[in-house]
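J.: Please see the structure below; I have some questions.
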Amino acid sequence: MEAREVLVSHNLKSTTCRNEVLNLLLNSSQALAQSEIEKQVDHSHDRVTVYRTLKTFLDKGLVHKVLDDEGGTKYALCNECAEDHHNHEHVHFKCENCGQTLCLDKIAIPAIELPQGYNISEKNLLIQGTCKDCS
Ligand SMILES: [Zn+2]
Ligand SMILES: [Zn+2]
Ligand SMILES: [Zn+2]
């Protein structure tokens, strides 16, 4: 799908920054950090604009956060999410060799029982190892 169609289907106005950021994510097989996105979009978009764009995408269910091992956050496209219904509790994989972080969409995070009084709002599971390109 083209970036513009994706924006329209999520009730988002198409702006150049949104189009560029979305295109990057659509064409990337791996999750991207904000700093990587900033480097690849037109430099007339400042950091705040890129940050706001990602925030909007998060709110609208277009992207989800991927926690990286170094404490950073990366972003990846959602497959079947909507504004009020996120469904992306899959495993993420970080390759120790090439450094890419991938969504393993088909691998769900196992159910976890917490002690009484604890409520889950978000689950993140990062597996580290060697990806299929590197092994
Ligand atoms: Zn999602
Ligand atoms: Zn790799
Ligand atoms: Zn993911």
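The values are calculated or read from the model by the stated rules, or taken from the named source; none is laboratory data. A quick note: this is a predicted structure, and the numbers were derived from the prediction, not measured. Note that we place each Cβ from the backbone using ideal geometry, even for glycine, and neighbour counts take in every protein chain shown. What goes into the accessible areas is simple: the full protein's heavy atoms, side chains included, and nothing from ligands, DNA or RNA. Shrake-Rupley method; radii C 1.70, N 1.55, O 1.52, S 1.80 Å.
J.: By how many nm would the segment from ARG4 to THR16 grow when fully extended, if each residue of separation counts as 0.36 nm and the alpha-carbon distance is taken off?
T.: Full extension of this stretch gives 3.3 nm more.
J.: Once you put a point 7 Å from the Cα of GLN128 and another 7 Å from the Cα of ASN27, both along the Cβ direction, what distance in nm separates them?
T.: 3.1 nm
J.: While we're here: Here are some pairs, LYS39/LYS106; LYS39/LYS60; LYS13/LYS65; LYS106/LYS132; LYS39/LYS94; LYS60/LYS106; which of them have Cα atoms lying more than 19 Å apart in this structure?
T.: Exceeds cut-off: LYS39/LYS106; LYS39/LYS60; LYS13/LYS65; LYS39/LYS94; LYS60/LYS106.
J.: With every protein chain left in place, what is the accessible area of LEU102 in Å² (1.4 Å probe, nearest 10)?
T.: Roughly 40 Å² of LEU102 is accessible to a 1.4 Å probe.
J.: Quick check on the chain: helices-only [θ] at 222 nm, where DSSP H runs of length 4 and up contribute -39,500 (n - 2.57) each and the sum goes over total residues. Nearest 500, please.
T.: One gets -8000 deg cm²/dmol as the mean residue ellipticity at 222 nm.
J.: Sticking with this structure for a sec: Between the DSSP loop rule and a limit of at most 14 other Cβ atoms within 10 Å, which GluC sites (Glu not before Pro) in the stretch 1-52 are left?
T.: Here the sparse-neighbourhood loop sites are GLU2.
J.: Further, regarding this structure: Can you give the accessible area of ASP69 in Å² (nearest 10), computed on protein heavy atoms with a 1.4 Å probe?
T.: Spelled out: ASP69, probe radius 1.4 Å, area about 70 Å².
J.: For the chain, what relative contact order do you get, as a whole percent, if you take Cα pairs closer than 8 Å and at least 6 residues apart?
T.: The value is 19 percent.
J.: Name the residue from ALA31, ALA82, THR16 whose Cα lies farthest towards the positive end of the charge dipole of the stretch 1-85, charges +1 on Cβ of Lys and Arg and -1 on Cβ of Asp and Glu.
T.: THR16
J.: On a 0 to 90° scale, report how tilted helix 47-59 is relative to the longest principal axis of the chain, with both axes built from alpha carbons and the result rounded to the nearest 10.
T.: 60 degrees
J.: Let me ask something else about it. So for the stretch 3-129, taking the charge dipole from beta-carbon charges (+1 Lys/Arg, -1 Asp/Glu), which of LEU126, GLN116, VAL63 sits furthest toward the positive end?
T.: Of LEU126, GLN116, VAL63, it is VAL63.
J.: Can you list the equivalent-ellipsoid semi-axes of the chain, largest first and in whole Å, using the square root of 5 times each Cα gyration tensor eigenvalue?
T.: 26, 19, 14
J.: Next question. Using alpha carbons only, how many degrees (0 to 90, rounded to 10) separate the axis of helix 16-26 from the longest principal axis of the chain?
T.: With both axes taken from Cα atoms, the answer is about 40 degrees.
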